[in-house]
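Asks: This is the structure I want to talk about, given as structure tokens.
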Amino acid sequence: MASNLAVGYQFDNTNHSVKNEYKTKTVNVIRQISVDKSQPHYRYLFETDQGVIKITAFELARVLFFHNRHLIKAAYSFNGLAELVFLDETVSPVQISFPNSTSYPVSNLSSQKALKHFAWLMLEPEARRSFFTINHCFRENLNEIGFNFCPPNLKGWALKIAIDNDDMNAVTEVKRIASILYAPTTERFYGIEIVHPKRKFIVKPEGKPGPKKPGKTPQVDIDPELDLGAIPGFGKRRHIDSSSRFSFNVVGIGAVVFAEGQPTTGKSRVASTEAQVNPEKAGVGLPAKEGKAQEFEPVLNQNNDDFKDAAELPHRFLIFEEVVNELRNINGIRLESVRCGEFPKPTNGSTTILKTQDGKPLRFFIATFELKDNHIILLEADTTSLVPPTGSGTLMLGLKPDASENFNQIIQHFANQGAQWQHRFIEERTIYFKSCSHPRTKNKVKTFSDEEYKELWSAKLGGLLKALLNEIV
């Protein structure tokens with residue numbers, strides 16, 4: 001329960017909710033001032049752009065490290081992170097490998113935020129040093145009930161904190177950390193691969209599939225109850241509770257990918273005609289032979305933070321990719337990634353983005369650049385594939401903290417607004433915003449070829465990036 005043990009949280013059956021609503025605000029950490037050791041549970045004081053704040057040691061460790069029970073267990077072991085994985089920094093991409101005997105589930109690495117947080121734990125020296133001190137402080141204070149450790153250097157971090165509305169003291173006490181919006185690394189890492197022996201990919205069987213045979217399905221956790229008196233049983237499945245309220249956004253670590261896993265046919269069971277089984281309950285504590293409940297396992301930082309990649313790449317994306325690759329040659333600019341995604345379905349009933357020439361979901365192109373430790377993205381909607389086709393420009397965006405959430409709001413708003421960019425909506429979610437129209441395909445004299453058009457487009461975008469590069473201090 002340590003991952004969700006925070007002030008104001010409560011559990012109603014297996015539903016995780018907030019009992020007490022606190023005022024939230026965003027602070028940027030300047031430096032750590034001191035440690036308040038007057039109570040068993042240490043409190044750390046930080047100077048921020050919003051004044052001095054005080055955070056308990058446990059709350060800080062909870063959001064930094066205690067994202068699931070496996071990380072909590074590793075924090076209190078002598079080997080620490082070394083007992084979870086093997087790290088090989090001599091190869092490219094850097095490889096993080098789980099042993100064949102690992103019990104660390106693939107489901108705990110189900111989002112890019114979770115993958116980047118795990119990579120941050122393994123690769124960031126400050127994170128490894130701080131993680132190790134949890135066990136060290138625990139062993140030195142076996143007779144104490146308090147919690148303390150040595151936190152990493154949080155200079156430059158942006159935190160979303162929950163505080164009392166009437167807090168008028170010189171030092172603001174943080175009730176809980178709602179999210180870590182910006183967590184920089186001391187070194188930048190690009191190309192990280194995670195090898196997990198239990199990760200599988202689906203192999204479609206050849207030939208026409210035969211009729212499915214009804215089978216007995218496992219008990220489904222339809223409406224479980226959190227009965228604290230129930231005992232988890234050996235071999236029972238877990239009821240995993242993932243909080244969508246917290247996110248940990250690491251910058252300085254590029255996309256983390258899985259190595260290809262084991263093949264599986266991906267067969268699904270067909271519900272049998274037998275009587276409906278009673279739903280399982282969930283309980284806490286150590287599993288026992290006579291246990292009847294599932295084990296209750298809360299986890300953090302598993303919210304869906306990434307857009308869906310397009311299954312098929314349109315021709316226009318190939319042109320966009322070539323143009324973007326030309327921009328990587330500009331001094332002071334680093335290209336991190338180029339991707340093609342699908343717009344999310346409208347949530348207001350709008351059907352404009354659903355009407356495309358190929359019947360596929362409307363796609364967008366996104367390129368991420370690094371300019372003097374700042375991340376800038378180029379975003380373009382493939383509106384030429386709409387019926388009827390329309391024109392659109394390329395957006396240049398510098399997103400505000402919690403970039404993933406702001407980006408998802410921008411593309412969702414585009415889908416809801418009938419394939420239209422609303423500049424005021426975008427400006428509210430960005431630090432920097434510029435719209436760049438496409439170059440003309442012809443002039444009074446000639447019609448430009450594809451190569452000439454790409455050169456004009458690349459020069460136009462390159463000029464904007466260079467101008468932005470000069471503006472950044």
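The values are calculated or read from the model by the stated rules, or taken from the named source; none is laboratory data. Keep in mind that what you see is a predicted model, and the values were worked out from it rather than measured. Cβ atoms come from the backbone with ideal geometry, glycine included; neighbour counts cover every protein chain shown.
Asks: Kindly indicate whether any position in region 17-35 is crowded, with 21+ Cβ neighbours inside 10 Å and farther than 30 Å from LYS400 by Cβ.
Replies: Filtering region 17-35 for residues crowded, with 21+ Cβ neighbours inside 10 Å gives 27.
Cutting the leftovers down to farther than 30 Å from LYS400 by Cβ gives us none.
The answer is no; no qualifying residue exists.
Asks: If we keep just the residues of region 366-391 that are modelled with pLDDT under 85 and acidic (Asp, Glu), which is nearest to CYS340 (Cα to Cα)?
Replies: GLU370
Asks: Mind listing whichever residues of region 379-408 are closer than 17 Å to THR347 by Cα and crowded, with 19+ Cβ neighbours inside 10 Å?
Replies: Within region 379-408, just PHE407 meets the criteria.
Asks: Please verify whether GLU173 is among the acidic types (Asp, Glu), in the same structural domain as GLU21 (by TED's automatic domain parsing), free of Cβ contacts under 8 Å to residues at least 12 places away in the same chain and surrounded by fewer than 16 Cβ atoms within 10 Å (Cβ to Cβ), treating the condition exactly as stated.
Replies: Values: among the acidic types (Asp, Glu): yes; in the same structural domain as GLU21 (by TED's automatic domain parsing): yes; free of Cβ contacts under 8 Å to residues at least 12 places away in the same chain: no; surrounded by fewer than 16 Cβ atoms within 10 Å (Cβ to Cβ): yes.
Taking the combined requirement at face value, the residue does not satisfy it.
Asks: Step by step: first the residues of region 386-431, then only those that are in contact with a helix residue (DSSP H, G or I) (Cβ under 8 Å, 6 or more places away or on another chain) and among the basic types (Lys, Arg), then the one that is nearest to LYS113 (Cα to Cα). Which residue is that?
Replies: The selected residue is LYS400.
Asks: For region 52-101, which residues satisfy the criterion of being more than 23 Å from the chain's Cα centre (by Cα) and surrounded by 15 or more Cβ atoms within 10 Å (Cβ to Cβ)?
Replies: VAL52, ILE53, LYS54, ILE55, THR56, ALA57, GLY80
Asks: Still on this structure, please answer the following. Go through region 140-156 and give me each residue that's at pLDDT 80 or above and surrounded by 13 or more Cβ atoms within 10 Å (Cβ to Cβ). It would help to see each step written out before you state the result.
Replies: Looking only at region 140-156, we keep the residues that are at pLDDT 80 or above, and these are 140, 147-156.
Within region 140-156, PHE147, ASN148, PHE149, CYS150, PRO151, PRO152, ASN153, LEU154, LYS155, GLY156 qualify.
Asks: State whether the residues of region 455-467 include one that is at positive phi and surrounded by 12 or more Cβ atoms within 10 Å (Cβ to Cβ).
Replies: The first filter runs over region 455-467 and keeps only residues at positive phi, leaving none.
Within region 455-467, not a single residue is at positive phi and surrounded by 12 or more Cβ atoms within 10 Å (Cβ to Cβ).
Asks: Give the residues of region 176-197 that are modelled with pLDDT of 85 or more and either loosely packed, with under 15 Cβ neighbours inside 10 Å or more than 26 Å from ILE33 (Cβ to Cβ) (or both), sorted by residue number. Show your work before the answer.
Replies: The first filter runs over region 176-197 and keeps only residues modelled with pLDDT of 85 or more, leaving 176-180, 183-187, 192-197.
Matches in region 176-197: THR186, GLU187, ILE192, GLU193, ILE194, VAL195, HIS196, PRO197.
Asks: Considering every residue within region 108-118, establish whether at least one is within 18 Å of PRO184 (Cβ to Cβ) and either β-branched (Val, Ile, Thr) or at pLDDT 90 or above (or both). Before you say what the answer is, go through the steps one by one.
Replies: Initial filter on region 108-118 (within 18 Å of PRO184 (Cβ to Cβ)): 112-113, 115-118.
Next cut, either β-branched (Val, Ile, Thr) or at pLDDT 90 or above (or both) only: 117-118.
Checked region 108-118: at least one residue is within 18 Å of PRO184 (Cβ to Cβ) and either β-branched (Val, Ile, Thr) or at pLDDT 90 or above (or both).
Asks: Anything in region 427-457 that is modelled with pLDDT of 90 or more and in contact with an Asp or Glu (Cβ under 8 Å, 6 or more places away or on another chain)? List them, or say none.
Replies: PHE433
Asks: Does region 331-347 include one or more residues that are part of a loop (DSSP other than H, G, I, E, B), of a type in the set (D, E, K, R), over 24 Å from GLN112 (Cα atoms) and over 18 Å from the mean Cα position of the chain (by Cα)? Reasoning before the result, please.
Replies: From region 331-347, those part of a loop (DSSP other than H, G, I, E, B) are 331-332, 343-347; that's our starting set.
Next, from what is left, pick out any that are of a type in the set (D, E, K, R): 345.
The next check asks that each one be over 24 Å from GLN112 (Cα atoms); those that pass are none.
No.
Asks: Going by the conditions given, is ILE376 outside any strand (DSSP E or B), surrounded by 19 or more Cβ atoms within 10 Å (Cβ to Cβ) and assigned by TED's automatic domain parsing to the domain that holds GLU321? Step through it out loud before you land on a result.
Replies: Working: outside any strand (DSSP E or B): no; surrounded by 19 or more Cβ atoms within 10 Å (Cβ to Cβ): yes; assigned by TED's automatic domain parsing to the domain that holds GLU321: yes.
It is false that ILE376 is outside any strand (DSSP E or B), surrounded by 19 or more Cβ atoms within 10 Å (Cβ to Cβ) and assigned by TED's automatic domain parsing to the domain that holds GLU321.
Asks: Select from region 21-41 the residues that are over 19 Å from GLU144 (Cα atoms) and in a loop (DSSP other than H, G, I, E, B) and write down the one among them that is modelled with the lowest pLDDT. Before you say what the answer is, go through the steps one by one.
Replies: Taking region 21-41 as the starting set, the residues that turn out to be over 19 Å from GLU144 (Cα atoms) are 21-34.
Those left that are additionally in a loop (DSSP other than H, G, I, E, B): 21-22.
Details: GLU21: 70, TYR22: 78.
Step by step, filter region 21-41, then rank; the result is GLU21.
Asks: Of ASP373, ASP402, which residue is of a type in the set (D, E, K, R) and either touching a His at 6+ places or on another chain (Cβ under 7 Å) or within 27 Å of GLU326 (Cα to Cα) (or both)?
Replies: On the way: ASP402 fails: either touching a His at 6+ places or on another chain (Cβ under 7 Å) or within 27 Å of GLU326 (Cα to Cα) (or both).
Going through ASP373, ASP402 in turn, the sole match is ASP373.
Asks: Does region 5-20 include one or more residues that are assigned to a strand (DSSP E or B), closer than 24 Å to PHE138 by Cβ and modelled with pLDDT under 85? Let's see the steps before the verdict.
Replies: The initial filter retains those residues of region 5-20 that are assigned to a strand (DSSP E or B), namely 9-12, 15-18.
Keeping just the survivors that are closer than 24 Å to PHE138 by Cβ gives 9.
Narrowing further to those that are modelled with pLDDT under 85: 9.
Among the residues of region 5-20, at least one is assigned to a strand (DSSP E or B), closer than 24 Å to PHE138 by Cβ and modelled with pLDDT under 85, which makes the answer yes.
Asks: Further question: If a residue has to be in contact (Cβ under 8 Å) with a residue 40 or more places away in the chain, out of contact with any strand residue (DSSP E or B) (no Cβ under 6 Å at 6 or more places or on another chain), farther than 27 Å from GLU21 by Cα and of a type outside the set (D, E, K, R) to count, how many in region 122-150 make the cut? It would help to see each step written out before you state the result.
Replies: Start the filter on region 122-150 by keeping residues that are in contact (Cβ under 8 Å) with a residue 40 or more places away in the chain, which leaves 122-128, 130-132, 134-135, 138, 144-149.
Cutting the leftovers down to out of contact with any strand residue (DSSP E or B) (no Cβ under 6 Å at 6 or more places or on another chain) gives us 124-128, 130-132, 134-135, 138, 144-149.
From the residues that got through so far, the ones that are farther than 27 Å from GLU21 by Cα too are 124-128, 130-132, 134-135, 138, 144-145, 149.
Then drop every residue that is not of a type outside the set (D, E, K, R), which leaves 125, 127, 130-132, 134-135, 138, 145, 149.
Residues meeting the conditions: 10.
Asks: Being at pLDDT below 75 and of a type in the set (Ser, Thr, Tyr) is the filter here; which residues of region 247-265 pass it? Give the derivation first.
Replies: In the first step, residues of region 247-265 are kept if they are at pLDDT below 75; the result is 254-255, 260-265.
Across region 247-265, the qualifying residues are THR264, THR265.
Asks: Something else about it: Looking only at residues that are within 22 Å of TRP157 (Cα to Cα) and touching a residue at least 12 places away in the same chain (Cβ under 8 Å) in region 409-441, which one is surrounded by the fewest Cβ atoms within 10 Å (Cβ to Cβ)? Let's see the steps before the verdict.
Replies: Quick first cut of region 409-441, residues within 22 Å of TRP157 (Cα to Cα) only: 428-432.
Narrowing the set further to residues that are touching a residue at least 12 places away in the same chain (Cβ under 8 Å) leaves 429-432.
Working: ARG429: 19, THR430: 20, ILE431: 12, TYR432: 16.
By that ranking, first place goes to ILE431.
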